[in-house]
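Let me begin by presenting the structure, written as structure tokens, before commenting on it.
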Amino acid sequence: GFYPNASAIPPDLRRNATENAWNAFLNFTGCHAGMKVDGLYKIKQYFQYFGYIPQTFSGNFTDDFDDILKNAVEMYQRNFKLNITGELDELTLQHVVIPRCGVPDVVNGTSTMLNGGTRRRTYEVSFSGRGQRFHAAKR
Amino acid sequence: YSFFPGEPRWPERRRNLTYAFEPRNELTEEVKSVFSRAFARWAEVIPLTFRRVESFSTSDISIGFYAGDHGDGEPFDGFMGTLAHAFSPPNGHFHLDSAENWIVSGEGGDGFLSERAAVDLESVAVHEIGHLLGLGHSSVQDSIMFPTITTGRRKVDLHSDDVEGVQVLYGANPNFNGSRTPTPSTQQRDTGSGDSGAAGRI
């Protein structure tokens, strides 16, 4: 609905920001490579939706914290100027759950967020997960 | 700032763009005026014009609120999460998630809303129009083209990063003489963050 200001939102429609479906990702705080956690595949779907995992990976992901997820997390941390830990640390997940635009940050494996201006830096990602092997190149 | 692959933009012969609203949404004039304000912010800095028309099927840009799966392969996800998406030129489709509580705030620049679980409509509109023009996401946190917006935040003033990017695509509006007054928060953020020093608000 549309409201002229916040107080005009009917109490029964006043939603709590914690109802954000992505808030469930906060349960993965502290997860890192090598772990296997129930439901971890959902955050892989999130990263794939925004381009951090190529569409070539079919959506039936495992719950393993594998290289695919680690590379996606590192690129996300680079884009949002977070500490590049490759882990689902608290600050990274606090960013992940913020509402956002549905347009991907990464297109065809190249982060659009790191180009621009006079410094054209491109980061391609390596997916050395099981199955297809991809190469990596950081320029 | 960044662009979509191939840096698509509206062709020279299509710089006076029209936009229309999904008739089934039956939007009020107040809601529609939010979008005209958002278009005006971009029209101020580039030599493009945006004119509202009634014919949804033939306008250059089509704006609609939809829930869940709405036929473009990018289903919305309900309350919060993904708020909206728009497609690069010359597609012109601009979709917003009807599951959100949209605040149709008044005039004025950046600020904060009292309601944490609501989204400022004009802030999202200004961002998505950036995509309709050919801009991708930016890593400059204060820019309009930064991918996320915290609930309760109103962010509508174009940042120098946004202006520089869109003017690479279309050149500057000859009437634009934007003077930048760097905002303290941006300056503080820039110290040592490696962002370009020219950051500031228009």
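Using the average count of surrounding beta-carbon atoms within 10 Å as a protection proxy, the listed peptides B:18-24, A:49-55, B:157-163 rank, highest first, as B:157-163, A:49-55, B:18-24. If you take the Cα centroid of the stretch B:149-173 and the Cα centroid of the stretch B:42-57, the two points sit 16 Å apart.
Per residue of peptide A:103-110, the mean number of Cβ atoms on other chains within 10 Å of the residue Cβ is 5. Counting, for every residue in B:80-87, the Cβ atoms of other protein chains within 10 Å of its Cβ and taking the mean gives 6. Shielding value for B:95-103 is 4, the average number of Cβ atoms from other chains within 10 Å of each residue's Cβ.
Packing-based ranking of A:82-93, A:30-41 yields A:82-93, A:30-41, ordered from highest to lowest mean Cβ neighbour count within 10 Å.
How far is the Cα center of the stretch A:86-106 from the Cα center of the stretch A:55-83, in Å? The stretch A:86-106 and the stretch A:55-83 have Cα centres separated by 11 Å.
The amide H of residue A:111, built 1.01 Å from its N in the peptide plane, has A:123 as neighbours under 5 Å, considering only residues 5 or more places off or on other chains. In terms of its C-alpha gyration tensor, the stretch B:1-135 has a rounded overall shape, because the principal axis ratio a/c (a ≥ b ≥ c, square roots of the eigenvalues) stays below 1.5.
Readers should treat all values here as calculations from the given coordinates under stated rules, not as data from a laboratory. This is a predicted model, so every value here is computed, not measured. Note: ideal-geometry Cβ built from the backbone for every residue, glycine included; neighbour counts use all protein chains shown.
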